1. Among the residues of segment 26-38, are any away from ligand 1 (no atom under 14 Å from the Cβ), more than 24 Å from residue 125 (Cβ to Cβ) and touching a residue at least 40 places away in the same chain (Cβ under 8 Å)?
2. Going by the conditions given, is residue 40 touching a helix residue (DSSP H, G or I) at 6+ places or on another chain (Cβ under 7 Å), more than 16 Å from ligand 2 (Cβ to nearest atom) and closer than 20 Å to residue 87 by Cα?
3. Kindly evaluate residue 99 against the criterion of being in contact (Cβ under 8 Å) with a residue 12 or more places away in the chain and either under 20 Å from residue 125 (Cβ atoms) or surrounded by 21 or more Cβ atoms within 10 Å (Cβ to Cβ) (or both).
4. Give me the pairs: first residue in segment 1-15 and under 15 Å from residue 99 (Cα atoms) and in contact (Cβ under 8 Å) with a residue 40 or more places away in the chain, second residue outside any helix (DSSP H, G or I) and within 13 Å of ligand 1 (Cβ to nearest atom), beta-carbon distance under 6 Å, and six or more apart or on different chains, which are they?
5. Has segment 74-96 got any residue that is within 14 Å of the chain's Cα centre (by Cα), in contact (Cβ under 8 Å) with a residue 60 or more places away in the chain, within 11 Å of ligand 1 (Cβ to nearest atom) and not in a loop (DSSP other than H, G, I, E, B)?
6. If you check residue 61 against the conditions, is it at pLDDT 95 or above, part of a helix (DSSP H, G or I), within 16 Å of ligand 2 (Cβ to nearest atom) and crowded, with 17+ Cβ neighbours inside 10 Å?
7. Criterion first (farther than 22 Å from residue 9 by Cβ, in contact with a strand residue (DSSP E or B) (Cβ under 8 Å, 6 or more places away or on another chain) and more than 14 Å from ligand 1 (Cβ to nearest atom)) does residue 63 satisfy it?
8. Identify, from the list 74, 23, 12, 54, the residue that is within 16 Å of ligand 2 (Cβ to nearest atom) and either under 24 Å from residue 128 (Cα atoms) or modelled with pLDDT under 95 (or both).
Ligand code: 5GP
Ligand code: ZN
């Protein structure tokens, strides 16, 4: 836990999130401003700033990523997925606690040019679909 870290606060429950899945090393929750329906973030329970700061943090994320990728594909009927990490402000990282973006993609908005469009679909309905 690091004071003033948003994702540490989400991990410890002091800030609420729409949790999709968790294990002993990482937590997956819906991004509050999804690029596409089902956009999920996976964060390690321990505070690490970025994959550059500590490349071994990937090991903390791995088992939750392996669980959530097929969950998103199957439950949401996605046609593909972007799996990405930003590291450092220059890359676009805004929250300095390492995280993987899992962004389900759909045939009606293909390609990297459409990656970061915001989907306003109701987040509670998406969560219900993933956790029912
Ligand atoms: P970054 O730019 O650091 O790679 O991505 C940070 C992500 O965190 C953004 O996609 C943003 O929408 C998401 N985010 C920011 N604040 C919150 C929050 O309070 N709750 C959730 N669930 N996601 C957040
Ligand atoms: Zn943190």
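The values are calculated or read from the model by the stated rules, or taken from the named source; none is laboratory data. Source: prediction; values computed, not measured. Methodologically, a virtual Cβ is constructed for each residue, glycine included, from the backbone with ideal geometry; neighbour enumeration extends over all protein chains shown.
1. Scanning segment 26-38 turns up no residue that is away from ligand 1 (no atom under 14 Å from the Cβ), more than 24 Å from residue 125 (Cβ to Cβ) and touching a residue at least 40 places away in the same chain (Cβ under 8 Å).
2. On the way: touching a helix residue (DSSP H, G or I) at 6+ places or on another chain (Cβ under 7 Å): yes; more than 16 Å from ligand 2 (Cβ to nearest atom): yes; closer than 20 Å to residue 87 by Cα: yes.
So residue 40 fits the description; yes.
3. So residue 99 passes the test.
4. Close Cβ pairs satisfying both conditions: 5/97; 6/95; 7/43; 7/95; 7/97.
5. No, that holds for no residue.
6. Yes.
7. Working: farther than 22 Å from residue 9 by Cβ: yes; in contact with a strand residue (DSSP E or B) (Cβ under 8 Å, 6 or more places away or on another chain): yes; more than 14 Å from ligand 1 (Cβ to nearest atom): yes.
The answer is yes for residue 63.
8. Sole residue among the options that is within 16 Å of ligand 2 (Cβ to nearest atom) and either under 24 Å from residue 128 (Cα atoms) or modelled with pLDDT under 95 (or both): 12.
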